[in-house]
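One structure is given below, encoded as structure tokens.
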Amino acid sequence: MTFEEAWGKFSGIMQLAEEEAQLLYNLAKESPRIVELGTLKGNSGFILGATGNYVATIDNYSASGSSQEEAKELLKVFSTVQVIKMDTAEAGKSWKDKVDFLFIDGGHDYEQVKADIKAWYDKVSGKIAFHDYGSWSGVTQAVDEAIKQGKLKKIDQAGSLIVTEKV
């Protein structure tokens, strides 16, 4: 599925700006194994799944407005997308396979983002993107800290979607 087809389905309700969604799609297109942390209702998962690559989208579904049932219903059109109900950091601790691209858009407080980075860092062989960078202080603080510590390097940004790679 093209980006335009996927975007056309959700442009009115997507929590990503078009430039953010386009960058997310482009990153996912070049990544055979993708993990998304934070599913909500599955809209960004749809953008990732539209690439045809494997996507595991993980959420504990405790946030207001999140719905595993809605996500499963929306994403069932993609045989390559797996919807997992689990704490994102706990999932990272038990994950066995390498991840080519990690998209972090789950809990937005500093401790949760930091825990997600720590739990998934060694599993990622490619890029790590974060949504709501610059607009949520917890996300911004955790990402800036990882960059300052030399763990991540900023390589791209579109709106509040920052793309990093491991150093």
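Identify, from the list Gly65, Gly92, Gly52, the residue that is buried (at least 22 other Cβ atoms within 10 Å of the Cβ) and in contact (Cβ under 8 Å) with a residue 24 or more places away in the chain.
On the way: Gly65 fails: buried (at least 22 other Cβ atoms within 10 Å of the Cβ); Gly52 fails: buried (at least 22 other Cβ atoms within 10 Å of the Cβ).
Among Gly65, Gly92, Gly52, only Gly92 is buried (at least 22 other Cβ atoms within 10 Å of the Cβ) and in contact (Cβ under 8 Å) with a residue 24 or more places away in the chain.
Within the range 1-117, which helices (runs of 4 or more DSSP H) (wholly inside it) include 1 or more residues that are modelled with pLDDT of 95 or more, under 15 Å from the mean Cα position of the chain (by Cα) and of a type in the set (D, E, K, R)? Working first, answer last.
Numbers: elements: 3-10, 18-29, 43-49, 68-75, 88-94.
In the range 1-117, the matching helices (runs of 4 or more DSSP H) lie at 18-29.
Might you check whether a residue that is among the small types (Gly, Ala, Ser) and at positive phi occurs anywhere in the range 23-42?
We begin by selecting, within the range 23-42, every residue among the small types (Gly, Ala, Ser); these are 28, 31, 38, 42.
Going one step further and asking which of them are at positive phi, we end up with 38, 42.
Checked the range 23-42: at least one residue is among the small types (Gly, Ala, Ser) and at positive phi.
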Ser64, sole failed condition from (1) in contact with a Lys or Arg (Cβ under 8 Å, 6 or more places away or on another chain); (2) within 29 Å of Glu111 (Cα to Cα): (1)
Got a number for residues in the range 113-123 being in contact with a strand residue (DSSP E or B) (Cβ under 6 Å, 6 or more places away or on another chain) and surrounded by fewer than 21 Cβ atoms within 10 Å (Cβ to Cβ)? 1
Could you please give the count of residues in the range 124-158 that are buried (at least 17 other Cβ atoms within 10 Å of the Cβ) and either in contact (Cβ under 8 Å) with a residue 24 or more places away in the chain or touching a helix residue (DSSP H, G or I) at 6+ places or on another chain (Cβ under 8 Å) (or both)? 17
Every residue from the range 144-163 that is in contact with a Leu (Cβ under 7 Å, 6 or more places away or on another chain) and over 18 Å from Gln22 (Cβ atoms): Ala146
Quick check, is Ser135 modelled with pLDDT of 95 or more and either touching a Cys at 6+ places or on another chain (Cβ under 7 Å) or not in a strand (DSSP E or B) (or both)? yes
In the range 68-89, residue surrounded by the fewest Cβ atoms within 10 Å (Cβ to Cβ) [restricted to those that are more than 17 Å from Ser31 (Cα to Cα) and among the polar types (S, T, N, Q)]: Gln68
Those residues of the range 52-97 which are in contact with a Ser or Thr (Cβ under 6 Å, 6 or more places away or on another chain) and among the charged types (D, E, K, R), in sequence order: Asp59
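The values are calculated or read from the model by the stated rules, or taken from the named source; none is laboratory data. These numbers were taken from a predicted model, which means no experiment stands behind them. Positions of Cβ are backbone-derived with ideal geometry, glycine not excepted, and every protein chain shown enters the neighbour counts.
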